[in-house]
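As structure tokens, the structure follows; a few thoughts come after it.
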Amino acid sequence: MNHTITNYDPFGNASTGKLGMWLFLVMDALTFATILSGGLYLRLRTDLWPNAGEILNIPLTSFNTFLLIISSFTMVLALNSARSKDIDNLKLFLSLTILGGVTFLGIQVYEYGHFIVGGPALENALLQAGFSGHSSLTWNTGVYGSTFYATTSFHGLHVLTGVIYLSVILFNVSKGVGLEAYYDRIEIAGLFWHFVDLVWILVFTIIYLI
Amino acid sequence: MKIHKDSFWSKHIFSEDHKTIGKQFFWLGLFFLFFGGALAMLLRWQLGYPEQPVPIIGKWMWPDDGGIINPDIFNQMFTMHGTIMIFWAITPLLIGAFGNFLIPLQIGAPDMAFPKLNMISFWTMFLASLVLLSSYMLPLGTASGGWTSYPPLSSPAGGIPGLGQTIWTIALILMGAATMMGAINYITTVVRLRAPGMFYFKMPLSVWGLFLASILNAVFVPVIAAGLVMLLLDQTIGTEFFIAGRLASGDPGDPLLFQHVFWIFGHPEVYILILPVWGITSDLLSVFSRKPAYGYKVTAIAMSTVVALSSLVWGHHMYTTGMSPLLGKSFMFLTLLISIPSSMFFLNWLGTLWRGSIHFDTPMLFSMGVIWVFGLGGLTGLYNATVTADIYLHDTMFVVGHFHYTLAASVMFGSFAAIYFWFPKMFGRALDPFIGKVHFWGSFITINYVFFNMMVTGYAGQHRRIYNPTEYDFLKPLSGLNEWITIFAFFLGIFQFLFLLNILWTISRSKICEKNPWKATTLEWTVNYPIPHGNFDEVPIIYYGPHEYSRPDIKDKDWLGQNELMEVKKWQM
């Protein structure tokens, strides 16, 4: 009798939970792919699309992009602290990551508010881009507004989810869970956070830069 | 093995046991199968006896119209018939019920990889069902834009009045969420929880089919989910993704985008529905021919090839949208390519039967029925895939007959085969074989009459969604045929009640049957009913493939279980 049969596993030592998260990220990536490519398709079919920087505030959003990249970096530092069982640094870096996400969301809300409230400056910018008779940019302002809000708010929801997710992790770490077993959970949460940051690079490029 | 202590709630309602969740999906799917079937009967009544009062229930259902199905109700019926049959009957029955029940048992796993997610998946599906059914209570009725719900039909501006389409969209998004949770679970389970020795090429073909269907679900349900969210935003807060022309307030979107998104998902969806059936049929033909499945690896690889190709063919649903002829031809070429792998496993089925010792039990009859109806459905698909033929056939009853042959007939026969075959394992009791055979022959004759003649009426030009075919001169000669289709469809419906009675009678009256009534080799037949939460007492170790029948080196029986170490080791040396 041969009791030592082992199945070949292409995913090696990755935990089952991590495998599940990767599958979820594949599915999430395909959702973003549909929304982004749908936006590009609509852009090709319409004449009315502002040039880069005409309406959207690129410097402000660049700062937001920078924030997210930094928060990915602090997430890696948090994971590194978890590996070396350094609870204080783990809590610090997790908090910094959450702070990065919250600030990102704050700036996004400010940006939305600026567009929805509108004003003469925005009206002028919209007029130059070909949108006559609009003093504010909302999701009803043609297909451009629809695409902008749908894509960025879908991403914003992901950031919000990530902030809540990491807050739960931080709460559990503060309560004093055994890091030996919890390390994998932190890593999985980190996967999600890095994914959200990575997708933002695509959203930023497609919606803001081109 | 882990021992579970369950209270009433955690055992029957919010159970995390894959077998209980499978049964929950089974009852949900069965309910909607009869619901959708009843809608089909009413549709056939209107097409066979246009604008005549529906007998018995008509006066009670639609008193204002004198029992006649009015055009609005007719539109709601075909919309809900399609939606329910595809998303609420077939998907829960095959992927929900058998996916849950079979995958862990057949690969030797104690449960799904994420039992809690599995439970949430079912209850999300249940919520989706309530949302869908609640749309019937709206003042203007439920969705009526067809199961495809193309904008502008489903748009608020210029579309169908009322909230029906919006509720439909919400129900489908919830259903999609449940499906995605299931896909994560199934894929992870197959990748991670196979028992030692259960290599990919030792898995039963049923698991192959369910696994491949889950991969398609994981890849393409997110696409339609994104599309549906965009549609929902159009319907609720006034975005303009799919709104064009004069309906748009400003800069227009494009309704064609929804068609692309819908069919990028929609074509793989038909393979999602039929892949489990291909797998189950391949396994069952082997069991009841007492012969190894012919070309097991070829079947598995051919099914995987179909999965890969299915993502490249969605355009064949859109030949009449003004697509560039070059693009149309490319889609035609890719679509026709699918017939090569399909023919491979189709011939393998015949190869399995060839010179086998065939036992005509009920599951076998239904599996052989699948060969016949899938063969016809596949062959008529070639006409629809060819641009020149399709431009004539598009949106006619020919298309309806074709996809009912593949989806309704093949998938339902496959589901029936699976239900008759695994009923002894799910409920411990074997369904009555005599009623089963009457059910088969009754369904087989009527289903062929109905769907074949639908193709005839379509070839003669009958459009698929018209309310009253006798209003058009060129369709008047078809009214006799339409009437006969309706009569046969009613008989088809009546035979399904025989099936329902068989199930209820068996569960309430029959005795617990033996552990392995079909003398099958796969792992689920090694455990006794009721299977405990946790499945196997000890981890099974797998030595053989799933189809070890009629081995010449075993004398006393004609099968060898996957985990039975043979005493005569001649073959291994």
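The values are calculated or read from the model by the stated rules, or taken from the named source; none is laboratory data. Only a predicted model underlies this, so the values are computations on that prediction, with no experimental measurement involved. Every residue, glycine as well, gets a Cβ built from its backbone with ideal geometry; the counts of neighbours run over all protein chains shown. Accessible surface is based on the protein model in full, side chains and every heavy atom, while ligands, DNA and RNA are left aside. Shrake-Rupley method; radii C 1.70, N 1.55, O 1.52, S 1.80 Å.
Tell me which of these B:Leu174 doesn't satisfy, since it passes every other one: (1) within 14 Å of chain A (Cβ to nearest Cβ); (2) of a type outside the set (Ser, Thr, Tyr); (3) at negative phi.
(1)
Might you check whether a residue that is more than 10 Å from chain A (Cβ to nearest Cβ), more than 13 Å from B:Ala300 (Cβ to Cβ) and open to solvent by less than 10 Å² (accessible area, probe 1.4 Å) occurs anywhere in region B:215-222?
Scanning region B:215-222, I find at least one residue that is more than 10 Å from chain A (Cβ to nearest Cβ), more than 13 Å from B:Ala300 (Cβ to Cβ) and open to solvent by less than 10 Å² (accessible area, probe 1.4 Å), so the answer is yes.
Only one of B:Phe413, B:Phe423 is within 21 Å of B:Tyr294 (Cβ to Cβ) and in a helix (DSSP H, G or I). Can you tell me which? Outline the logic, then answer.
Numbers: B:Phe423 fails: within 21 Å of B:Tyr294 (Cβ to Cβ).
Exactly one residue qualifies, and that residue is B:Phe413.
Give the residues of region B:430-463 that are open to solvent by less than 50 Å² (accessible area, probe 1.4 Å) and outside any helix (DSSP H, G or I), sorted by residue number.
B:Ala430, B:Leu431, B:Asp432, B:Ala460, B:Gly461, B:Gln462
Name the residues in region A:7-25 that are surrounded by fewer than 14 Cβ atoms within 10 Å (Cβ to Cβ) and facing chain B (nearest Cβ under 9 Å), would you?
A:Tyr8, A:Asp9, A:Pro10, A:Phe11, listed by residue number.
I'm checking my understanding of the structure. Among residues of region B:226-282 that are within 11 Å of chain A (Cβ to nearest Cβ) and under 30 Å from B:Met203 (Cβ atoms), which one is least open to solvent (accessible area, probe 1.4 Å)?
Selected residue: B:Phe265.
Which of the residues belonging to region B:335-348 are closer than 16 Å to B:Leu379 by Cα and either surrounded by 15 or more Cβ atoms within 10 Å (Cβ to Cβ) or aliphatic (A, V, I, L, M) (or both)?
B:Thr335, B:Leu336, B:Leu337, B:Ile338, B:Ser339, B:Ile340, B:Pro341, B:Ser342, B:Met344, B:Phe345, B:Phe346, B:Leu347
Take region B:385-397 and flag every residue that is open to solvent by less than 20 Å² (accessible area, probe 1.4 Å), of a type outside the set (Asp, Glu) and in a helix (DSSP H, G or I).
Selection gives B:Ala385, B:Leu393, B:Met397.
Could you look through region B:546-558, keep only residues that are part of a loop (DSSP other than H, G, I, E, B) and buried (at least 19 other Cβ atoms within 10 Å of the Cβ), and pick out the one that is farthest from the other protein chains (Cβ to nearest Cβ)?
So the residue we want is B:His547.
Of A:Leu157, A:Leu170, A:Leu179, which residue is out of contact with any Cys (no Cβ under 8 Å at 6 or more places or on another chain), under 27 Å from B:Leu257 (Cβ atoms) and surrounded by fewer than 21 Cβ atoms within 10 Å (Cβ to Cβ)? It would help to see each step written out before you state the result.
Working: A:Leu170 fails: under 27 Å from B:Leu257 (Cβ atoms); A:Leu179 fails: under 27 Å from B:Leu257 (Cβ atoms).
The match here is A:Leu157.
Looking at region A:54-75, is at least one residue on the phi > 0 side of the Ramachandran plot and away from every other protein chain (no Cβ under 11 Å)?
Taking every residue of region A:54-75 in turn, none turns out to be on the phi > 0 side of the Ramachandran plot and away from every other protein chain (no Cβ under 11 Å).
Sort out which residues of region A:26-53 are closer than 30 Å to B:Ala177 by Cα, open to solvent by 40 Å² or more (accessible area, probe 1.4 Å), facing another protein chain (nearest Cβ under 7 Å) and out of contact with any Leu (no Cβ under 9 Å at 6 or more places or on another chain), and write them in order of number.
Scanning region A:26-53 gives A:Val26, A:Leu30.
Can you tell me which residues in region B:113-130 are β-branched (Val, Ile, Thr) and within 14 Å of chain A (Cβ to nearest Cβ)?
If the condition is that a residue be β-branched (Val, Ile, Thr) and within 14 Å of chain A (Cβ to nearest Cβ), then B:Ile120 is the only one that fits.
On the basis of being within 14 Å of chain A (Cβ to nearest Cβ), surrounded by fewer than 23 Cβ atoms within 10 Å (Cβ to Cβ) and either of a type outside the set (S, T, N, Q) or touching a helix residue (DSSP H, G or I) at 6+ places or on another chain (Cβ under 9 Å) (or both), does B:Pro110 make the cut?
For B:Pro110, the condition - within 14 Å of chain A (Cβ to nearest Cβ), surrounded by fewer than 23 Cβ atoms within 10 Å (Cβ to Cβ) and either of a type outside the set (S, T, N, Q) or touching a helix residue (DSSP H, G or I) at 6+ places or on another chain (Cβ under 9 Å) (or both) - is met.
Spot the failing condition for B:Leu133; the list is (1) more than 14 Å from chain A (Cβ to nearest Cβ); (2) surrounded by fewer than 20 Cβ atoms within 10 Å (Cβ to Cβ); (3) closer than 30 Å to B:Gly295 by Cβ, and only one is missed.
(3)
Look at region B:177-196 and say how many of its residues are open to solvent by 10 Å² or more (accessible area, probe 1.4 Å) and polar (S, T, N, Q).
Qualifying residue count for the region: 1.
Could you go through region A:153-161 and let me know if any residue there is within 22 Å of B:Pro252 (Cα to Cα), modelled with pLDDT of 95 or more and within 14 Å of another protein chain (Cβ to nearest Cβ). Show your work before the answer.
We begin by selecting, within region A:153-161, every residue within 22 Å of B:Pro252 (Cα to Cα); these are A:153-154.
Then drop every residue that is not modelled with pLDDT of 95 or more, which leaves A:153-154.
Then drop every residue that is not within 14 Å of another protein chain (Cβ to nearest Cβ), which leaves A:153-154.
Yes: one or more hits.
With respect to the numbered conditions (1) within 14 Å of chain B (Cβ to nearest Cβ); (2) within 21 Å of the chain's Cα centre (by Cα), which one is the sole condition not fulfilled by A:Leu170?
For A:Leu170, the failing item is (1).
Take B:Leu174 and decide whether it is free of Cβ contacts under 8 Å to residues at least 40 places away in the same chain, in a helix (DSSP H, G or I) and open to solvent by 10 Å² or more (accessible area, probe 1.4 Å).
no
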